[in-house]
Each structure stands twice: as C-alpha cells, then as structure tokens.
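Report on one structure; see the data block that follows.
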Amino acid sequence: MTYLKIKNGKGYFLNSDKEEKEIDAIRKEDILFLLDCATKENIQFEMDKIENGNIQNEAHKIIYGNIYNKFEDLLTKKNMFLDESENLYKNALKKYQN
C-alpha cells in the first residue's frame, strides 16, 4: 500500500482512517501511525519518489522530501531494526519472567 503519494503537484499521506491528506496537514499522531505501519513485518510500506519536479508546491516539496528521506532510511534498515527490537524485548522478557 502506498502511504506517501504524489499527485497533482502535491504530496499526500495516508492517515489512520485510510484517508489521503495533504502533507502540510501532517501531525505527530500521523507520523506515529506511519512509523507503526513502516515497521510492521506484514505491511508493504510504499512511497512515491520525488522526481522531475513532480511536486510543484514548495512547502509540500520540503515536508514530503524530509519525511520521505527519513522513511527511506528506516525502510532500508527495517530488518536490522526488527531484529534489534526483538532481541531487546527478548532479553527483558527473560529477565522479568524468572
């Protein structure tokens, strides 16, 4: 599913209600929802890439670009992140189960 989209020269994100909203309306809760989706193993997190001036709105270009870069970095490290998280919680669970 595409969570960050570009259309009609603007950037959009998918919120928790599965509604497309303009990227300049994004809130902290929306970013947390996107992070949750991006880090789940069973979710295919897709984003439209900025290219050839496909975003004409300057504010959208800046906001979308920053968010896109952060999520792209996260997605490239997703498996490492999931493994580290699992190991962290596995050790904590063992410690407190005994």
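The values are calculated or read from the model by the stated rules, or taken from the named source; none is laboratory data. These numbers were taken from a predicted model, which means no experiment stands behind them. Every residue, glycine among them, receives a Cβ derived from its backbone with ideal geometry; neighbour counts consider all protein chains shown. The protein model used for the area step is the full one, side chains on, heavy atoms only, and it has no ligands, DNA or RNA in it. Shrake-Rupley method; radii C 1.70, N 1.55, O 1.52, S 1.80 Å.
In the chain, the longest principal axis of the Cα atoms and the axis of helix 28-39 are about 60 degrees apart.
For the chain, the longest principal axis of the Cα atoms and the long axis of helix 78-97 meet at an angle of about 30 degrees. Taken one residue at a time, the phi angles of segment 40-49 give Karplus couplings (6.51, -1.76, 1.60, θ = phi - 60°) of 7, 5, 8, 10, 8, 8, 10, 9, 6, 8 Hz. Gly and Pro are set to x.
Working from label points 7 Å from Cα in the Cα-to-Cβ sense, the Lys95 to Asn52 distance is 5.3 nm. A protection proxy built from the mean count of other Cβ atoms within 10 Å ranks the segments 89-95, 15-21, most packed first, as 15-21, 89-95. Rolling a 1.4 angstrom probe over the protein heavy atoms with all chains in place gives the chain an accessible area of 70 Å² per residue.
Taking the charge dipole of the chain about its Cα centre, with +1 at Lys and Arg Cβ atoms and -1 at Asp and Glu Cβ atoms, the residue from Ile23, Thr76, Asn54 reaching farthest to the positive side is Thr76.
For an R0 of 30 angstrom, estimate the FRET efficiency from the Cβ-Cβ distance between Glu86 and Ile31 and round to the nearest 0.05. The value I calculate is 0.85.
Please go through the residue pairs Lys40/Lys61; Lys28/Lys94; Lys28/Lys49; Lys21/Lys77; Lys18/Lys70; Lys70/Lys95 and name each one whose alpha carbons sit more than 24 Å apart in this structure. Don't jump to the answer; show the numbers that get you there.
Details: Lys40/Lys61 27 Å; Lys28/Lys94 33 Å; Lys28/Lys49 22 Å; Lys21/Lys77 27 Å; Lys18/Lys70 21 Å; Lys70/Lys95 33 Å.
Cα-Cα > 24 Å for Lys40/Lys61; Lys28/Lys94; Lys21/Lys77; Lys70/Lys95; rest within.
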